Amino acid sequence: MRVSIHKNIANPELFKEQLLNWAQQFREVIFLDSNSYPQNYSDFDCLLAVDAFTSLKTDFYNAFDDLKQYQQNTKDWLFGYFSYDLKNDVESLRSHNFDGLNFPDLFFFQPKKIFILRGNELEIQYLMLCDDEVEIDFEEIVQSPSRSFETKAQSLETLEIKQRISKDSYVEKVNKMLKHIHVGDMYEANFCMEFYTENASINPLEKFQKLNEISKAPFSVFFKNYKHYLLSASPERYIKKVGEKIISQPIKGTSKRFVDQIEDEKSKTVLVSDEKERAENIMITDLVRNDLSHTAQKGSVMVEELCGIYSFLQVHQMISTISSKLDAQYSALDVLKTTFPMGSMTGAPKISVMEIIENLEETKRGLYSGAVGYFTPEGDFDFNVVIRSILYNQENQYVSFSVGSAITALSDPEKEYEECLLKAKAMREVLQ
């Protein structure tokens, strides 16, 4: 059982920073920030969950079933992630690529303390066992500094960022993918490459604050599980459940932002009418429709918006919204299991593509292109797509970020490479 307390917050932006700063003392932290981005289906401005009362950590084997049992037993808020390699639980697939991060395949926790901010109203939910700490914690939060203080050593340190796949190798691999497309093995594939740095010591909070500031993405996440960190500026929702309604919002299609307003509008117009980008988006929309149909009431799958253009601080994106109504015979976990991994990070047809990209990529994706989010006590959920994100294993001092682009029959390997560099820009800027 939880105790729920409401408070009025005079300066929500300042309070968000204080909240995140205060949270650093805990072993488990998840901070979700919508950055006041105008979007349908938004439930809060920010949400913080800290300090595990119970948790579930597992590899891919039977992961969805284990989580289903954990969720049914707790009937409480659960926060955590699915890594991309849970594909091996859903299909008979394997991952043998290099993994420098070594995160568990799945991790969820039941937090003792939750803070939900909507406008000026703060809702605090504490488990009964620690509800006597609410006022003490609240005082600590409002008195904590609003920014992390970096040491001189950290601010002077420059990280040498290496690329796992060279440009020549990237072009060669994309050409191999085009051959697969031409012989009919697949129509579209999301091909990713990793940037990394070794023996690195970073201040995760400071890096997240910088990344969040230059991106202001609607699905931003600061996640910590002891010495594993995710710093995410994701613009993409994977899937959400509200009652019987399921919503998925895949992103496919990217163009540059420009300071000059005329150039910026031109970039947007080019994206709207770009045949390749539209084809990418429509293929994935179709794949998501098919995925949702597995658990949907008959005739309830619909495309609410096709190829909508949305602008973020770093890029313009093409986003579609697909929804369905859940058939009563299926559970929340059934929806996740039948749609994972998300189509925007795999391609079509999904299983064939996952095998091909596993062979051509050189890094195990892990949490990158997985999903982070939460379940409510009622069994609703909301998960993002882990892109535009920095991953950090503090113990082995390994920092990593990956980027990808969709390869279709119309792809030019050089242009795809340029798109990857465009997507890598914010993370590189933050780390260097």
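The values are calculated or read from the model by the stated rules, or taken from the named source; none is laboratory data. Every value quoted in this text rests on a predicted model; they were computed, and no experiment measured them. Cβ: placed from backbone, ideal geometry, glycine included. Neighbour counts: every protein chain shown.
Here residue 335 meets each of (1) farther than 26 Å from residue 273 by Cα; (2) β-branched (Val, Ile, Thr); (3) in contact with a Gly (Cβ under 9 Å, 6 or more places away or on another chain) with one exception, condition (3). Within segment 182-198, being modelled with pLDDT of 95 or more and either in contact with an Asp or Glu (Cβ under 8 Å, 6 or more places away or on another chain) or not hydrophobic (A, V, I, L, M, F, W, C) (or both) holds for 182, 184, 185, 190, 191, 192, 193, 194, 196, 197, 198. Restrict the check to segment 120-129 and report whether at least one residue is within 23 Å of residue 26 (Cβ to Cβ), assigned to a helix (DSSP H, G or I) and among the acidic types (Asp, Glu). No, because not a single residue in segment 120-129 is within 23 Å of residue 26 (Cβ to Cβ), assigned to a helix (DSSP H, G or I) and among the acidic types (Asp, Glu). Per the listing 194, 139, the residue uniquely acidic (Asp, Glu) and touching a Ser or Thr at 6+ places or on another chain (Cβ under 8 Å) is 194.
With the structure loaded, tell me whether residue 172 is without any contact (Cβ under 8 Å) to a residue 12 or more places away in the chain and either of a type outside the set (A, V, I, L, M, F, W, C) or in contact with a His (Cβ under 6 Å, 6 or more places away or on another chain) (or both) or whether it fails that test.
Judged against the criteria, residue 172 is a match.
Among what's in segment 16-28 and is in contact with a strand residue (DSSP E or B) (Cβ under 7 Å, 6 or more places away or on another chain) and not in a loop (DSSP other than H, G, I, E, B), pick the residue that is nearest to residue 227 (Cα to Cα). Once the filter is applied, the top-ranked residue is 28.
Restricting attention to segment 374-383, does a residue exist that is buried (at least 18 other Cβ atoms within 10 Å of the Cβ) and touching a Ser or Thr at 6+ places or on another chain (Cβ under 8 Å)?
Looking for residues that are buried (at least 18 other Cβ atoms within 10 Å of the Cβ) and touching a Ser or Thr at 6+ places or on another chain (Cβ under 8 Å), one finds none in segment 374-383, hence no.
Within segment 81-125, the residues that satisfy the criterion of being in contact with a strand residue (DSSP E or B) (Cβ under 9 Å, 6 or more places away or on another chain) and polar (S, T, N, Q) are 83, 97, 102, 110, 120, 125.
Can you name every residue in segment 72-85 that is assigned to a helix (DSSP H, G or I) and surrounded by fewer than 24 Cβ atoms within 10 Å (Cβ to Cβ)? Once the filter is applied, which keeps residues that are assigned to a helix (DSSP H, G or I) and surrounded by fewer than 24 Cβ atoms within 10 Å (Cβ to Cβ), segment 72-85 yields 72, 73, 74. Of the numbered criteria (1) buried (at least 22 other Cβ atoms within 10 Å of the Cβ); (2) at pLDDT below 95, the one residue 107 fails is (2). Within segment 136-147, can one find any residue that is at pLDDT below 95, over 24 Å from residue 83 (Cα atoms) and surrounded by 14 or more Cβ atoms within 10 Å (Cβ to Cβ)? Looking for residues that are at pLDDT below 95, over 24 Å from residue 83 (Cα atoms) and surrounded by 14 or more Cβ atoms within 10 Å (Cβ to Cβ), one finds at least one in segment 136-147, hence yes. Which numbered condition in (1) more than 30 Å from residue 22 (Cβ to Cβ); (2) in contact (Cβ under 8 Å) with a residue 60 or more places away in the chain; (3) not hydrophobic (A, V, I, L, M, F, W, C) is the only one that residue 34 fails? Residue 34 satisfies all of (1) more than 30 Å from residue 22 (Cβ to Cβ); (2) in contact (Cβ under 8 Å) with a residue 60 or more places away in the chain; (3) not hydrophobic (A, V, I, L, M, F, W, C) except (1). Within segment 192-199, does at least one residue satisfy the condition of being touching a strand residue (DSSP E or B) at 6+ places or on another chain (Cβ under 6 Å), over 20 Å from residue 402 (Cα atoms) and either in contact (Cβ under 8 Å) with a residue 60 or more places away in the chain or surrounded by 20 or more Cβ atoms within 10 Å (Cβ to Cβ) (or both)? Looking through segment 192-199, none of the residues is touching a strand residue (DSSP E or B) at 6+ places or on another chain (Cβ under 6 Å), over 20 Å from residue 402 (Cα atoms) and either in contact (Cβ under 8 Å) with a residue 60 or more places away in the chain or surrounded by 20 or more Cβ atoms within 10 Å (Cβ to Cβ) (or both). Scan segment 216-249 for residues that are surrounded by 20 or more Cβ atoms within 10 Å (Cβ to Cβ) and under 24 Å from residue 306 (Cα atoms) and the total you get is 16. Output yes when any residue across segment 178-191 is surrounded by 23 or more Cβ atoms within 10 Å (Cβ to Cβ), acidic (Asp, Glu) and in contact with a Gly (Cβ under 9 Å, 6 or more places away or on another chain), and no when none is. Taking every residue of segment 178-191 in turn, at least one turns out to be surrounded by 23 or more Cβ atoms within 10 Å (Cβ to Cβ), acidic (Asp, Glu) and in contact with a Gly (Cβ under 9 Å, 6 or more places away or on another chain). In summary, residue 63 fulfils each of the numbered conditions (1) in contact (Cβ under 8 Å) with a residue 60 or more places away in the chain; (2) of a type outside the set (Val, Ile, Thr); (3) closer than 30 Å to residue 319 by Cβ with the single exception of condition (1).
Please verify whether residue 88 is in a loop (DSSP other than H, G, I, E, B), polar (S, T, N, Q) and in contact with an Asp or Glu (Cβ under 9 Å, 6 or more places away or on another chain), treating the condition exactly as stated. Criteria not met by residue 88. Only one of the listed residues (338, 269) is out of contact with any helix residue (DSSP H, G or I) (no Cβ under 9 Å at 6 or more places or on another chain), surrounded by fewer than 19 Cβ atoms within 10 Å (Cβ to Cβ) and more than 18 Å from residue 389 (Cα to Cα). That residue is 269.
Inspect segment 423-432 for any residue being part of a helix (DSSP H, G or I) and either of a type in the set (Phe, Trp, Tyr) or closer than 24 Å to residue 43 by Cα (or both) and give the result as yes or no. Checking segment 423-432: not a single residue is part of a helix (DSSP H, G or I) and either of a type in the set (Phe, Trp, Tyr) or closer than 24 Å to residue 43 by Cα (or both).
For segment 387-407, filtering for residues that are crowded, with 23+ Cβ neighbours inside 10 Å and not in a strand (DSSP E or B) leaves 2.
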